[in-house]
Structures are given as C-alpha cells and as structure tokens.
Amino acid sequence: DAKTTQPPSMDCAEGRAANLPCNHSTISGNEYVYWYRQIHSQGPQYIIHGLKNNETNEMASLIITEDRKSSTLILPHATLRDTAVYYCIVETGTASKLTFGTGTRLQVTL
Amino acid sequence: KAGVTQTPRYLIKTRGQQVTLSCSPISGHRSVSWYQQTPGQGLQFLFEYFSETQRNKGNFPGRFSGRQFSNSRSEMNVSTLELGDSALYLCASSLDRNNSPLHFGNGTRLTVT
C-alpha cells in the first residue's frame, strides 16, 4: 500500500502557483519524498525529491515540514502543459521499487 | 542524451500467446525496472534488474519474467497471455546511486484479445 495520502484532484489557473499537498505521517528517517507526474499517455516524469530540507529545481519546489510528516510540491507558474497526475512517493535511497498511490489529478485552466 | 526507449509502442496479442517487450535505458544507467499500469490497479512494480541479475521482484505470477543484457538493455516476457494482462508496461532506468531518481520510458501498450 502507498505510504502517502494526496487529494484526488485540484484545479489551478494558468500563471498561478499550484500547491500540491502530500501527507506521509509514517515516514521513516531514511525515507525520501519523491514527486513524479504523468501526463496522459506518457510515462511518469521525475520532478524533484528531498529528505529533510526544502529543495528547488527548474521545474518545482519541494517544501517538507520540520516533522517530515507532510510536504508540498509547488509549481510556481502553472501552465496548461502542467495538467497531469502528480504522485508523491516515499522510499529509501536507491528507490527502484516505487509504490505509486492514486496521485492528484491537477487540472490547469485558462 | 536520449531517454529511455521502449519498443514496440503498441501491441495486440491473443489470449494464450506470449509477448516480449524491449527497453533501452539511458546511457550509463545500469538499473532497469519494469512496471505495469492498469486503470484498476494503477502503477505496480514488476521487477528490477541490475548487472544482468534480478535484484527486486514484485508480486506478479511466474508468467512474467525478464532479463537484462550486458549493455543494460532489458526485455520482459509474458507467457500464456490473459485478458487481464492488457496494460501499459513501463520501463525505467536509474544510475543506481543513492538518491538517483527513476527515468521512465513512454511504455508499451499491450492489448490482449
């Protein structure tokens, strides 16, 4: 079973920030938080991951709470191309065996 | 750098037949994993290969098998196909270092009739 809980769907206006929450209250000390997204008919795309500190890359920012029980993925300026299912996953370091939940379906609208 | 390449993109087979799917990982990636995606079960881990050896296995019957070649390319095979095997089969590769993420191909869509 997935170790994370995400809202099933969210909407965001184009150009605004999309904030996608994830709860992982049973996360262990050596588990990372990974975010992937899947655009229709494509394979999942890696976005970002982190252990305790907040992380930022060219795609997104990841904010992890101090107790590590939840996190938020931030897409700073959402575009229509960001419409996808977003998966939050917690796994240990060499994470080749990922347990995907049902994710959050983000719809970006004009 | 070329991404993960999966062939064929689409495949239609009949119940009882067998099928082989192919995956070429990103250059330099030695770990290859396979996943099955269906509307009912979502994305599920099948197995992982590293250095031509199966390192991890998911909860699938023995009809699902795979192998990895010395150039890290991988194939998966499904024998005695069932209707329920209709799915998107995804391959992913990684550098196999701590924290290295998976990079997925766009999958092979298998339809069993």
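The values are calculated or read from the model by the stated rules, or taken from the named source; none is laboratory data. Quick caveat: nothing in here was measured; it's all calculated off a predicted structure. No Cβ is skipped: glycine too gets one built from the backbone with ideal geometry, and neighbour counts run over all protein chains shown. Areas reflect the complete protein model, heavy atoms only, side chains present, ligands, DNA and RNA absent. Shrake-Rupley method; radii C 1.70, N 1.55, O 1.52, S 1.80 Å.
When the stretch B:55-64 is limited to residues that are modelled with pLDDT of 95 or more and surrounded by fewer than 18 Cβ atoms within 10 Å (Cβ to Cβ), the one that is nearest to B:Thr7 (Cα to Cα) turns out to be B:Arg63. The strands (runs of 3 or more DSSP E) falling completely within the stretch A:64-110 that include 2 or more residues that are away from every other protein chain (no Cβ under 14 Å) map to A:70-75, A:104-109. Kindly indicate the residue of the stretch A:75-93 that is closer than 24 Å to A:Asn30 by Cβ and modelled with pLDDT of 95 or more and also surrounded by the fewest Cβ atoms within 10 Å (Cβ to Cβ) among those meeting that condition. This residue is A:Tyr86.
To keep it simple, each residue is scored yes or no on (1) within 16 Å of B:Thr108 (Cβ to Cβ); (2) away from every other protein chain (no Cβ under 12 Å); (3) touching a Lys or Arg at 6+ places or on another chain (Cβ under 7 Å).
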residue	(1), (2), (3)
B:Gly16	no, yes, no
B:Leu21	yes, yes, no
B:Gln36	yes, no, no
B:Phe45	no, no, yes
B:Pro61	no, yes, no
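Pairs are defined by a Cβ separation below 8 Å, a sequence spacing of at least 6 or placement on different chains, a first member in the stretch A:1-26 that is of a type in the set (D, E, K, R), and a second member that is part of a loop (DSSP other than H, G, I, E, B) and exposed (fewer than 14 other Cβ atoms within 10 Å of the Cβ); the pairs so defined are A:Lys3/A:Thr26; A:Glu14/A:Thr79; A:Glu14/A:Leu110; A:Arg16/A:His77. Kindly provide the set of residues from the stretch B:59-86 that are touching an Asp or Glu at 6+ places or on another chain (Cβ under 7 Å) and in contact (Cβ under 8 Å) with a residue 24 or more places away in the chain, ordered by number. Passing the criteria: B:Gly66, B:Gln68, B:Val78. Checked against (1) of a type in the set (Phe, Trp, Tyr); (2) open to solvent by less than 20 Å² (accessible area, probe 1.4 Å); (3) within 14 Å of chain A (Cβ to nearest Cβ), B:Phe50 passes all but condition (2).
No other residue among A:Ser70, A:Ser96 is among the hydroxyl-bearing types (Ser, Thr, Tyr), within 18 Å of A:Met10 (Cβ to Cβ) and open to solvent by less than 50 Å² (accessible area, probe 1.4 Å) apart from A:Ser70. The numbered conditions (1) open to solvent by less than 80 Å² (accessible area, probe 1.4 Å); (2) of a type outside the set (A, V, I, L, M, F, W, C); (3) modelled with pLDDT under 95 are all true for A:Pro44 except (3). Screening B:Asn56 on (1) without any contact (Cβ under 8 Å) to a residue 40 or more places away in the chain; (2) part of a loop (DSSP other than H, G, I, E, B); (3) touching a Lys or Arg at 6+ places or on another chain (Cβ under 7 Å) shows it passes everything except condition (2). Would you be able to tell me the number of residues in the stretch B:72-113 that are open to solvent by 60 Å² or more (accessible area, probe 1.4 Å), part of a loop (DSSP other than H, G, I, E, B), more than 7 Å from every other protein chain (Cβ to nearest Cβ) and closer than 13 Å to B:Leu21 by Cβ? The qualifying residues number 1.
Taken as a whole, the stretch B:29-40 holds at least one residue that is more than 14 Å from A:Ser96 (Cα to Cα) and open to solvent by 60 Å² or more (accessible area, probe 1.4 Å).
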